[in-house]
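The next block holds one structure in the form of structure tokens; read it before the comments.
The values are calculated or read from the model by the stated rules, or taken from the named source; none is laboratory data. Just so it is clear, the model here is predicted, and its values are computed rather than measured. Cβ placement follows ideal geometry from the backbone for every residue including glycine, while neighbour counts extend to all protein chains displayed.
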């Protein structure tokens, strides 16, 4: 389970690019998760799997909720200010955040048990539901990122980036 996609190097000075980069990490981790059931069936639980699963747990337990806060508290209100038609999409995305978190809770329980040697497999349906939720979510959300790049001022982006970095105490 190797990460084959190069990491995009961005900073909080480019908050929309950072949102895109977070989606890139989500896609990478979802790709890893999609491989996990077959890998476990063929190879069993080993230290490499535990290391990869721990990285996935860390990302979705810590970074993903912060990313959702970035969107809901900082990005969505600003983009909605420029285009009121986006509010319906924003409402749907915020509803989806609850579903994504619920799907993650179910999946993370099994992943935690896996790395603690309490199980040797993962319910593939949980993985499928989790990935499908993010596939739909990202497809709906990234057009708003593109809109934001076109309409949000540099000063607002700078301010937004500072708030997002502060959320992480950077």
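Just one of 123, 91, 102, 117 is under 16 Å from residue 31 (Cα atoms), at pLDDT 95 or above and out of contact with any strand residue (DSSP E or B) (no Cβ under 6 Å at 6 or more places or on another chain); which is it? None of the others qualify; the one that does is 123.
Of everything listed in (1) surrounded by fewer than 15 Cβ atoms within 10 Å (Cβ to Cβ); (2) touching a helix residue (DSSP H, G or I) at 6+ places or on another chain (Cβ under 8 Å); (3) closer than 17 Å to residue 19 by Cα, the single unmet condition for residue 62 is (2).
All conditions in (1) surrounded by 15 or more Cβ atoms within 10 Å (Cβ to Cβ); (2) more than 29 Å from residue 35 (Cβ to Cβ) hold for residue 110, with the sole exception of (2).
Among the residues that make up segment 136-147, is at least one of them under 30 Å from residue 45 (Cβ atoms), touching a residue at least 24 places away in the same chain (Cβ under 8 Å) and surrounded by 14 or more Cβ atoms within 10 Å (Cβ to Cβ)?
Step one: of segment 136-147, the residues under 30 Å from residue 45 (Cβ atoms) are 137-138.
When the remaining residues are screened for being touching a residue at least 24 places away in the same chain (Cβ under 8 Å), the result is 137-138.
So of that shortlist, the ones also surrounded by 14 or more Cβ atoms within 10 Å (Cβ to Cβ) come out as 137-138.
Scanning segment 136-147, I find at least one residue that is under 30 Å from residue 45 (Cβ atoms), touching a residue at least 24 places away in the same chain (Cβ under 8 Å) and surrounded by 14 or more Cβ atoms within 10 Å (Cβ to Cβ), so the answer is yes.
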